[in-house]
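Can you read through this structure? Questions will come right after.
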There are 2 protein chains.
Amino acid sequence: MIAIHLDRKDDTPLFRQIACQLTEAVQRGRLGRDQRLPTTRELARRLGVNRLTVARAYAEVAAEGWISSHVGRGTFVKDTGQPSGPRRSGALHRPGAGSNASPDASSYGWSELFSRNSERAIDGGLPAAALGITEPGVISFASLFPDPALFPVEPFRAALDKVMRREGHRILGYGPPAGFTALRGMIAENLRSRGMTVSEDEIVITSGSQQGIDLVARALLDPGDAVLVENPTYTGAVQVFHSYGAELIGAPVDQEGVIVSRLREAIARRRPKLIYLMPNFQNPTSETMSLARRHALIELAAGAGLPILEDDFGGDLRFEGTDLPSLKALDQRGSVIYLSTFAKKLLPGLRIGWIAAPREMTQRLVHLKKITDYSTSLLLQAALHEFCIHGDLDRHLLNVVDKYRERRDAMLAAMKRSFPAEARWSRPKGGLVVWVTLPPGVDADEVAADAQSRGVLVGRGDLFHLDGGTKQNLRLTFSQATPREIHRGIRLLGDIIKQRIRRRRSEPQTPPAESLPLI
Amino acid sequence: MIAIHLDRKDDTPLFRQIACQLTEAVQRGRLGRDQRLPTTRELARRLGVNRLTVARAYAEVAAEGWISSHVGRGTFVKDTGQPSGPRRSGALHRPGAGSNASPDASSYGWSELFSRNSERAIDGGLPAAALGITEPGVISFASLFPDPALFPVEPFRAALDKVMRREGHRILGYGPPAGFTALRGMIAENLRSRGMTVSEDEIVITSGSQQGIDLVARALLDPGDAVLVENPTYTGAVQVFHSYGAELIGAPVDQEGVIVSRLREAIARRRPKLIYLMPNFQNPTSETMSLARRHALIELAAGAGLPILEDDFGGDLRFEGTDLPSLKALDQRGSVIYLSTFAKKLLPGLRIGWIAAPREMTQRLVHLKKITDYSTSLLLQAALHEFCIHGDLDRHLLNVVDKYRERRDAMLAAMKRSFPAEARWSRPKGGLVVWVTLPPGVDADEVAADAQSRGVLVGRGDLFHLDGGTKQNLRLTFSQATPREIHRGIRLLGDIIKQRIRRRRSEPQTPPAESLPLI
């Protein structure tokens, strides 16, 4: 039995206090390999906290690889790799530290040294459930990671080996900070074919779109600047903006994308430095901005002289309808920075994304790229280029778009069959998520906890809201589960929601949650 | 003939104004492929600027791949890759832009939007000569890049293909933000074998040591914080610290490394937030901190409660003598963050480095790593691990240490033979550079310009000084040139220095430069 002590006066969130102490217990050997942890329910009761708090702590510790959950069996301490050499426990004692000294190296008090902006970056907290920790038997609707089973492993291996044999030492040195010229040229050509005006020297290769957002924020944001975003929006972007001391202003999203009149109101109230948007298959709402809204937005930004950061992380994953022009294609001022990634559509492990921006901006971004990590691996850029120019990316896209369409269809069909009439959900034309609005009075946290205890992981909608938002939304991804698993998982989720509705009716003493408009 | 207009009232340095206009001229086709540019001497005369200003501009434009220099032939416009699709010139016109509109997309005025901190990051300016632009026939003593001819291409290709075949999709998804567990374990074990107290969860894999410095700075620095550094020091670190709004305080370096009494004085004057040091083969002075100084430094930092960032970018490249314990090995407070990289010793193109720090710090760094680029490519980490565990890294190190020792010996022998008695230089026990102090009255800028015009690139010492420093130092790297090239290049450099001494004697009207103590 492990002892966990919670300090409610501490600023550290309770779930993190639990996670830290659990991790420490595993690392110190107080919890042995394969030892079973208490259930979330049991530990929550013992500690007097919400069950979700414990679930979040477990998810964090699992994300670090220390423990793992198995449906129907429980959560267990796991072996985390190949610790060889001296025993870990010995390694934790600093030489010369007195016998009374804490064996914890953190006794130095680093936390008092952390910068204000890094504190702000952490406050947001990436939803642990989004980390894609899936164990056999668990159905995940929580992770936006693409399905590894769909990775084009063999064609990519062949491309990689080919460039290694052909280019050898030429691709093993530092590459140009802006990126591999041929890859930049290929991307520029692709963007031009989609109506954008871009030359290859207006492309910067980044280590995934996350770095793209980070570099743009670094180039533009000073502490106190405001950034206008869709609300809800991508948590990873919120954290980046916070980390540069920016304040966020949100505008709601409906079936036609962000509501431009609300953006206009926000701009009138407080002039932002930047607008960050995902016009295609917005994360998490899955909505796509209509052409009329795109035009209105461009006009609004032009009038206010505001630059736009357009995040098109998944625009290639369209199942039906035709592509709408990107904001960058509609823009005539050179005021749009467009970014995307090969992570969602191809291979996350490459960590290759790109930014397309006017030259003055790309020059600044390249300077910042140099001091951030000098350049992205030339070897991987060359392999990716080799893979793409022989048509393997196009072949792969045809395949995954088919597969993900099947999964979306499965999810929508299963929802129609299993969800109660009062629930509403989006009907995405592409991307990897469905956004659910639960019936009034049904708490998303509780549904998520129930589902997790029955082996289905979902994304809590409030995590994507700037202000913590309402407890009425779930983000369900269909990138990881097969159609069969989707049917099973959605049926179970439907049962849980209906149960909650019945409970709400039978337990009138529970104050009904406020009913909120669909966003 | 191109027209270049310099605005001397503009804050933009003259060399950058020239570089921008040259780049634009190439991009717009005003300078055609293979067209010869004026010599630096000729253009300098025409523009009424120092020849070095033009040389620096050319180096910048060459670094971007637009032009290239060939000894004895001159500088030419170069093709920069594979621009396919629409002609570049067409791509530069934005649709809908009026006929009077500038075709330059930067008309939006991005430069007015750049954040204050990104401005500060740029001010430092990476020495263009350090970018490793080497053309056939040019001897480079300017680039710290390892020699591609020494890359273990075939063993690495084999390791890469082996893990791709064995692991497939498992290494093509997002990896853990902290890094591949097995690689972290391997690194921790290696550090323990060198006397450091580190467990695998105290290791964070970074995209090169540049990212390591960036993440640590991001975690610790707020605008206005002071960072104590060796002076001269690594420019890439200075830019990072500036980019978070920090101020830098320098302490000089002698043959035993940084002078601790000077650090003490600096701390007394203004309490810094962090000390950044390279104890082994310091860049650029090549000096190694003595054991006594290491102990004194640890004691000083402990007394002042200051954390230390120890950059051991090249500690494995030791040619003679025995390794001294790292600051982290000597530290008993858990107050040292240690970082290193596989770039210098193995393959820069992997972009893999690491940070070893107490757990509280690594947890913060992992959070920041997530929002910076989520994680470093799992595929490359797995390939690197595979390469290392079969002894290939050790074999490679034996080989490169031998080769670089030969080159150092060649450089020192050539200097002894060719340099005038009044010049002084370091005798590095490892690493990749020699630090030269020129005879009094000989200007390093002029020597560098003369050498460049005769096909030898050297690093100007003042670029590494916080305050621009003196014009008395050169940084000469021996990582790229063969022993034969080293003999030839150093002889030529010796001739130039002697010539400058003679000129100094024969032209007494030139005011002698102030003689400065060796640092």
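Laboratory data are not the source of any read-out in this text; all were calculated from the coordinates shown. Keep in mind that what you see is a predicted model, and the values were worked out from it rather than measured. With ideal geometry, Cβ positions are generated from the backbone for all residues, glycine too; neighbour counts draw on all protein chains shown.
Report, for the stretch B:153-390, the % of DSSP beta bridges that are antiparallel, rounded to 5.
Details: 10 of 26 bridges.
Roughly 40 percent of the DSSP beta bridges within the stretch B:153-390 come out antiparallel.
To the nearest 0.05, what FRET efficiency results for residue A:154 and residue A:488 with a Förster distance of 30 Å applied to their C-beta separation?
Details: r = 30 Å, r/R0 = 1.01.
In this case the efficiency is close to 0.50.
Out of residues 5 or more away from residue A:197 or on other chains, whose amide H comes under 5 Å of its own, with H placed 1.01 Å from N in the peptide plane?
Amide H neighbours of residue A:197: none.
Sticking with this one: Check which residues have an amide H placed less than 5 Å from residue A:75's amide H, if you skip close sequence neighbours.
A:37, A:70
Percent antiparallel among DSSP beta bridges with both residues in the stretch A:185-266, to the nearest 5?
Numbers: 2 of 8 bridges.
Just about 25 percent of them are antiparallel.
Another question, then. Other chains' Cβ within 10 Å of A:144-154 residues: what's the mean?
Details: counts 0, 2, 3, 2, 7, 1, 1, 6, 2, 8, 3.
Whole-number average of other-chain Cβ neighbours for A:144-154 is 3.
A further question follows. In chain B, what percentage of the DSSP-assigned beta bridges are antiparallel, given to the nearest 5? Walk me through the numbers before you get to the answer.
Values: 25 of 44 bridges.
Looking only at bridges with both residues in chain B, the antiparallel portion is about 55 percent.
Which of the listed residues, A:213, A:228, A:193, is farthest toward the dipole's positive end in the stretch A:167-245, when Lys, Arg count +1 and Asp, Glu count -1 at the beta-carbon?
Value computed over the given set: A:193.
Another question, then. In peptide A:237-247, what is the residue-averaged number of other protein chain Cβ atoms found within 10 Å of each Cβ?
Details: counts 1, 1, 4, 2, 1, 1, 5, 5, 5, 1, 0.
For this peptide, the per-residue mean of nearby foreign Cβ atoms is 2.
For peptide A:186-192, how many partner chain Cβ atoms fall within 10 Å of a residue's Cβ, on average? Provide the component values of the computation, followed by the final result.
Details: counts 4, 0, 6, 6, 1, 2, 4.
The mean count of partner-chain Cβ atoms within 10 Å per residue comes to 3.
Work from the charge dipole of chain A (Cβ charges, +1 for Lys and Arg, -1 for Asp and Glu, about the Cα centre) and give the residue of A:487, A:377, A:398 farthest towards its positive end.
Comparing the listed Cα positions along the dipole, A:487 ranks first.
Restricting to DSSP loop positions (anything but H, G, I, E, B) with no more than 15 other Cβ atoms inside 10 Å of their own Cβ, which GluC sites (Glu not before Pro) remain in the stretch A:310-379? Numbers along the way, then the final one.
Numbers: sites: A:310, A:320, A:360; in loops: A:320.
Passing both the DSSP loop test and the Cβ count: A:320.
What gaps in nm, shortest first, separate residue B:292 from its twins in the other copies when you place the label 7 Å past Cα toward the beta carbon?
For residue B:292, the inter-copy label distances come out at 8.2 nm.
I'd like the FRET efficiency for residue A:35 and residue B:194, computed as 1/(1 + (r/R0)^6) with the beta carbon distance as r and R0 of 41 Å, rounded to 0.05.
Details: r = 33 Å, r/R0 = 0.81.
About 0.80, to the nearest 0.05.
Under a point-charge model restricted to the Cβ atoms of Lys and Arg (+1) and Asp and Glu (-1), what is the dipole moment magnitude of the protein assembly as shown relative to its Cα centre, in debye to the nearest 20? Could you put the intermediate results ahead of the total?
Numbers: 138 positive and 116 negative charges, 168 e Å.
In debye, rounded to 20, the protein assembly as shown gives about 800.
Per residue of the stretch A:251-263, what does 6.51 cos²θ - 1.76 cosθ + 1.60 with θ = phi - 60° give for ³J(HN,Hα)? Whole Hz please, x for Gly and Pro, Karplus curve as stated.
Once θ is set to phi - 60°, the couplings for the stretch A:251-263 become 10, x, 10, 10, 5, 9, x, 4, 7, 5, 4, 6, 4 Hz.
Now for a separate question. For chain A, take N as its residue count and report Rg(C-alpha) divided by 2.2 N^0.38 Å.
1.01
Continuing with this model, one more query. If each label sits 7 angstrom from Cα along the C-beta direction, how far apart, in nm, is residue A:424 from its counterparts in the other copies?
7.9
Let's test this: bin the Cα-Cα distances of the protein assembly as shown at 10 Å from zero up to the farthest pair and state each bin's percent.
Histogram of Cα-Cα distances, whole percents per bin: 2, 11, 20, 24, 21, 13, 6, 2, 1, 0, 0.
Okay, helix-only estimate at 222 nm for the protein assembly as shown: each DSSP H run of n ≥ 4 adds -39500 (n - 2.57), divide by all residues, round to 500 deg cm²/dmol; what do you get? Mind showing how you got there, number by number?
Numbers: 34 runs with 427 residues, N = 1038.
The per-residue figure over the protein assembly as shown is -13000 deg cm²/dmol.
With the contact rule set at Cα under 8 Å and sequence spacing of 6 or more, what percent relative contact order holds for the stretch B:153-390? Walk me through the intermediate numbers first.
Working: 424 pairs, mean separation 71.1, N = 238.
Relative contact order comes out at 30 percent.
Nm distances between the label at residue B:397 and the same-position labels in the remaining copies, 7 Å along Cα→Cβ, shortest first?
Shortest to longest, the spacings are 4.5 nm.
Could you tell me which residue in chain A puts its beta carbon nearest the axis mapping A onto B, with the distance rounded to whole Å?
Residue nearest the A-to-B axis, with distance in whole Å: A:161, 3.
Extending each Cα 7 Å along its Cβ direction at residue B:290 and residue A:424, get the distance between those two points in nm, one decimal.
7.7 nm
Going by amide H atoms built from the backbone, whose H comes under 5 Å of the H on residue A:254, apart from near neighbours?
Under 5 Å from the amide H of residue A:254 lie the amide H atoms of A:259, each far enough along the sequence or on another chain.
Can you run phi through the Karplus equation (6.51, -1.76, 1.60; θ = phi - 60°) for the stretch A:360-366 and list ³J(HN,Hα) in whole Hz, with x for Gly and Pro?
With coefficients 6.51, -1.76 and 1.60, one gets 4, 6, 4, 4, 5, 5, 5 Hz.
To continue, here is another question. Lysines near residue A:403 by alpha-carbon distance under 26 Å, same-chain residues fewer than 8 away left out - which ones?
Hits, sequence-local ones excluded: A:344, A:345, A:416, A:429.
In addition: Treating only the Cβ of Lys, Arg, Asp and Glu as charged (+1, +1, -1, -1), what charge dipole size does the stretch B:153-390 show about its Cα centre? Round to the nearest 20 debye. Spell out each step's value before the answer.
Numbers: 27 positive and 27 negative charges, 87 e Å.
It comes to approximately 420 debye.
Kirkwood Rh, the stretch B:236-381, all Cα pairs: how many Å? Write out the running numbers ahead of the final one.
On the way: mean 1/r = 0.0607 Å⁻¹.
When all Cα pairs of the stretch B:236-381 are included, the Kirkwood radius is 16.5 Å.
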